[in-house]
Structures are given as structure tokens and as C-alpha cells.
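The values are calculated or read from the model by the stated rules, or taken from the named source; none is laboratory data. What you are looking at is a predicted structure, and each value in this text was computed from that prediction instead of being measured. Cβ coordinates were reconstructed from backbone atoms using ideal geometry, including for glycine residues, and neighbour counts include every protein chain displayed. Accessible surface is based on the protein model in full, side chains and every heavy atom, while ligands, DNA and RNA are left aside. Shrake-Rupley method; radii C 1.70, N 1.55, O 1.52, S 1.80 Å.
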Amino acid sequence: MKVRYFYRILFFVVISGFELQYANAQDMNGWHGIGMQFFLSSDVLSEQKLIVVGDGGQIRLSSDFGNSWRSRNQNDSLNFKSVSFIDSLNGLISAYFGNILLTSDGGDTWIESRKKTTVPLFKIQMVTRDTVFGCGSHGSIIRSTNGGWNWETLQSGTMNELRNIYFINSQNGFAIGDSGTILRTVSGGNVWQPITLDSNIQVLGIDFLDSLHGIICGKGNIIFFTVDGGVSWKRSWIVSNTELLLSSIQYLSLSRITANGLSGIFETNNGGKDWASIHLPKEMSGISILLNSGFDKEKKRGVIVGYPSIILTSSNSGSSWDQSSSCPILNTFLTDIRFFDTLNGYAVGNTNVVMGTTNGGETWKSLVENLNSTQIWRIYAPSIDTAWTIGWYSWLVTTTNGWKTSQVVPPPTVNELNITNYRQPTDICMIDRNSGFIIGDSIFWKTTDGGKKWLPTIWHNNYLSLLERIVCPTQTTSFAYGYYNIPIPDTIPKGKDVGALLRTQNAGVSWELLDYGTTARIHGFFFWDDKTGIIICDSGVVIKTFDGGNSWIRMPNVPDVKKGTSLFTGMNFINRTVGYALVTGGKILLTTDAGNSWSVDLDLNITTAKDYAVLERIIFPDSNAVMICGYQGILKKKIDLKQLSVQTIESGPQNKYSWIALTQNPISSRLSGKLYWYSSSVNTLSLKIYDIMGRTVQDLTHELLSSAEGNVGNINADVSALPNGVYILLLNADGNVRTERFVISK
């Protein structure tokens, strides 16, 4: 199965009635999405402790009522459907494929039950410390009498899907589900009696105030009440202009009830005669699915979870709800992400979104209501208090108190430079807290006083131009790239876009246009210092410089990139050798040899035009992780730099008296050359080809030995089976080695 449409399709979602069926991506190669997960169930453990669970083995715990969260995630193949705690320490989680996990320390550690059920589980409830019930697919009901360690299957008498189970006490309970199914037991689950319901709706939510008063909800606007302990049920309605789909319902008192689902949150203060919609936080204005709600025993504190990564909390019996530190990305295209230490960072998006994280990017919270911009492009954040954003219509917005308040900085005048078609800035690069640049169109703005004043400099050329990205490897040397349009008469369009690479070596006083060997547009670059850099152009063309841009060396093209259709959207390196690049269509490339060769690390295989430029920014929050933001969310992966680095190949000292002279043509299928090794008497001799990861890909020892005379040998080997890339030819004579790199570019 290939993954399409980025994060919201990382899990294939089908809403059939209200069953959410999803399948994990087949192979994410260690990457996981942040911001578009399902949180499927929640519970209130104590006055301050909350737990939420969801797909991908997610377990989130909070000890301050949702202000901050810590992860206790389990196997990412487990899709958790339900969580239930009997007190602040003891609880269980059920997974879709029948796994059941137990905890006795408030969720910090989990142990799997001794018996796994054979059917999908939708709901689990701890009635006492010992008595636990669960329900699921094909009318399945299970029971444990020892706290969830062992389970027995009960006879429900139905094959309908059972969506929820609720016990008033250890003997009296209900199971509800599809086609209006209501089952009642008064014998602790030994016998189940079907209850006739005046509707065949899918029943999802159930709650009881006491042993007599109960309520259920589901697909549609119908609410059912019971006043006789569930023997009979009376129909009622929530008046609405649209058909509702309610997944959870809660008694707060005999008169006050709340219900939530696909259509929001509703409340009644007169026992269900009249219902009103509750105003939700602004993050809920886009796509939202509210799945599960729960309150503490006093019915004061509550929590609701849903999709995408929604966690709402209430401390006033549901009268109002606040957004917790989840990840309210919704339909935002995230354009930039920056960390100022390993835990704290900011992300911005093109719908006035500014978000913050305090746990390394696992959860995020919106910080700014409105920045008066339609699109925010970049953010610079040296600390938790100080940050700047650039975007449309607001040019530059700054904060000095962590976005509690912000100030709009007006754009500096550029009239004296005869700019008539002024547009907004596109990138920002700060050398330190005081000095840096903002670029846009043909203009460089520079500050030396921390952004109080910005002095413009124009890049003079005779054509319409746009600067796109800038990097500042030293105080005096900076590089920027963009493009300009050369008019070509009688053509449609009337012009040709030509790539431009600029350099300053005097801290921005003047800029010069560099010749990088092609006119192809640049889509990503990186400079390790003022001498060494790499750029990627149209169609996967890779070019490097080792002298600060005075000369450029063409490297092998990025593999599997279609000419004229695949564009790069970003590139970044964590050290001298390991880096990532992004390709339209949702492809993430990895290099471990400073860009000499690239391999596909993840291919989301996005083909729709809507999501075409899907990945935007690569950052490294610490030395053990890489994060990528873009359309609809964030991707994150743990990395091991030691493992990614090229390993020592065949230990031994370099033999300075040996040499390897290759005459290989990079586009040829043959490798030829002459070799010399110095040794008085050679007992063992080998010649092998290694890839950049240190793996042997071809052994040429036989070809060498067959041509060796004394200490000289020739090779003429067929290497057509090797894919494009950089390789190492290693000669080993009695433990003394000699290496030579070569490139295959067919």
C-alpha cells in the first residue's frame, strides 16, 4: 500500500456510520506524523491527571490538567480504541486487534494482558479493581474478574457490532451498537437481554446518572432516555438544521447533559427539552471529529479527544472548553519550524498560525489569535521570549514575551531605489541577535541593531526578479538564491526563468552574481562554511563548491527524479556528511556523504495537484532527530548519526606507497585502471568495491590476482549491476589499505 495525500491520509479513514477504520502506512521507515493523529479515548484519573490514547500506540499523560503532556507510547502497530481507569493508578487500554494493556502506576508503565482476544475491541470499562468488561466486533463481549489479566468470552446473542459498554455496578450493565442494538444484563454479563429500541440507528454513547436515569445517543439527532434503569427507553430530539452524529454523552446532573460528536458539543439545562451548541476554541473551526468525552466523579472536570489531535479540557462542568497542548494544525500549510533548544520551538503556517512546543515537538499549542497576515513564511526565534515572523501584509511581526503580545514593524521605505512592484519578504537569516537579512523581490534588508532599523540594498538587474532563500555562514559572507525572467519576444509565456545565485563577502554592502555552471533554477542550497556549499537545481542537478562559489563541480544527479516535473523544496544538513532534501510529491531524500549521492528515505507518493508542494522545511531539533513540516502537519524521525556515518572499511593503515589509477568513465559500465602496492612479500591481497554505508557490493579480487605481476595489477571489471552513486575501491595488501573513490552516473 502506498501512502497518499500526506498526513491526513497516513491513516486511511472511512466514516461508515461512525466507525473509523484506518490502516497504518505500510512502511514509514521510522518517520511518524505529528499533528494529524486520532486521539480515540480519554479518562480523568484525578483532579489534575489526564490520559488520552489513540492510533499508533499513542499514550499521553498530563499531571497538570492538560497544560503539558508526556508520552508513554507503545508499539506503533497498536491502535488504541479505549482507556478506562478505576482510580488514579489502575487502568487498562484496549486495542483494535484485541490487545489489552494494564497499568498500576497511573500509566507510566504498561504490561500486556496474558490473553489477547481474537476480535477487534471498541470499548473497555473497569467497573471495580477486579471486574472489567469489553465489547467489540461481531457482538463480542469479554469479561475479566482479576483486573484484566485473564478474560472469558460471554454470549451476547447478537452478531452486530457493539460500540460501547457501560456498567452501573458489577451486576447491571448495557452493551450498545449498530442497528439500534441495546443489550441489558442484571447478572454481571452471564445473561444478556435485548431491548427493543424505536429506531435502528447506530448507538454510540451511553451514560447513567444513577441506577434509574440513563441516556444514549448515536447517528442522527435522536436522544433516548430511560427512567426505569434501562427497561424502557423514550425518544427525544436535538433540533438542528443538519443531521448530527453524536459519539459521546454525559450526565452532569438530572437537568444538565452534554453530548459531542462530528457536529460539535451540545448542552441542555432542562433535562433534554432544549439543546444549544457550545462555542468551541478557534482551532476547531476546520475539520474536527470529537470522539470521546469523560468527566471526573464530581462531574466538574472533563476532557474530550478527537481528530486531528484534538484535546479539549473543561473545569466548569462543560460550560466552556479550552484547547489543550495537542497539535491544532487542521488545514494549515506549515511553512517554517525553528527550535531554540532541544525541547522548545515555534512553527508557523500560512493561515496566521503560530504554534509552540515544550516537549520536542510531540505536542503543539496555538499561541497567536491573529497576526494580520494571510500567509506567514518564516520565523526566527533565538529564545522562548524573542521571535520574529515575516509574511504577507505584516512584513515583520516581533514579540519579546513569547507571543503574549506582538508588534507589527512597518516595511522600510524603498522608494529611493525606484521599486514600483514591491512584494512581501520571502526569507530571513539572522547571523546573531543583532545582525541579519530579510530578502524579497530584488531587495536585501539588513539590520545591525536587532531589527530596530532595516537598511535596503537592491540587487541591480534589468529583469523582473525574486530572491527566495538566504544563508549566512559567517559574519561577512552570505549567499542567496532566486531567479529572474529574461524576456523572449513572441513566446508564451513571454520569457524564461533563469536561476540566480548571489554572494556577499562584505556583510551585505554589495552582492555579486555567481556563475554556477547552469541557468537552471535553484530549489535548495546549504553552506557548511564560507567555502564549502551544495545546491540542487531543476531535475535533480547537484553542484558543489569548495572555494566559496568561485568554481563549481557537477555531481551525480539525484536518482529517480523526473526531468522537468520534480522540484526540490528544501535541503538541510545536520553535520558535514548527513543531510536531507525534499522533492515535490512527498519524497524525502537522504545523503550520508555530503551530497555526493542520495537515496530515498521515504516516498509518500503524493500525486494530487492540491498537495503538490507538500514538504517545506527540514530542521534538526537535536542531534538525534529530524523534523519536516509542510502541508497538514509535521513528520519526525529519530536518527542515529553514528549509524548513518560512513563506517571504517577494512581496518588497517593507509599505505602511502601504494596507488590506484582509475580510468573509469562515469557513464560507462566498466571500471578499469592500474594498481600498485608496496610490500616485500604479500600473503593476502584483496580488491573490493564498497558503497557509502560501508557495505561490500562487488569483489574484484579475482580480476586483480589474474592480472597481477609482482606488485602491479590491472583491472577491467563490469560494474553495470551497480546503481548510480559514489563508491569506494579498496585495495588491501596484508592489512595495509589504499582507497579511491569513484562515481557511477549512467
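Put simply, the amide H of Ile223, placed in the peptide plane, has neighbours under 5 Å in Ser236, Trp237, Ile238, leaving out anything fewer than 5 places away on its chain. Taken about its Cα centre, region 79-198 carries a charge dipole of about 180 debye when Lys and Arg each add +1 at the Cβ and Asp and Glu each add -1 at the Cβ. A cut-off of 5 Å between modelled amide H atoms, ignoring neighbours fewer than 5 places along the same chain, links Ile141 with Leu154, Ser156.
For region 117-239, report the accessible area per residue in Å² (1.4 Å probe, heavy atoms, rounded to an integer).
On the way: 4900 Å² over 123 residues.
That works out to 40 Å² for each residue.
Accessible area per residue was computed with a 1.4 Å probe on protein heavy atoms; Arg738 scores about 70 Å². Multiplying the residue separation of Thr145 and Tyr393 by 0.36 nm and subtracting their alpha-carbon distance yields 82.9 nm. Of His523, His702, His213, His32, the order by accessible heavy-atom surface (1.4 Å probe, DNA, RNA and ligands excluded), from most exposed downward, is His702, His32, His213, His523. Sorted largest first by accessible area at a 1.4 angstrom probe radius, with every protein chain in place, the residues Trp445, Trp392 fall in the order Trp392, Trp445.
Backbone geometry of region 704-719 corresponds, through the Karplus equation with coefficients 6.51, -1.76 and 1.60 at θ = phi - 60°, to 3J(HN,Hα) couplings of 5, 5, 6, 10, 6, 9, x, 9, 10, x, 10, 10, 8, 10, 7, 10 Hz, x marking Gly and Pro.
Just by accessible area at a 1.4 angstrom probe, what is the order of Thr358, Thr399 from largest to smallest?
Values: Thr358 90, Thr399 0 Å².
Greatest to least solvent exposure: Thr358, Thr399.
Under a 5 Å amide H cut-off, with hydrogens placed 1.01 Å from N, Ser113 pairs with Ile100, Leu101, Leu102 among residues at least 5 apart or on other chains.
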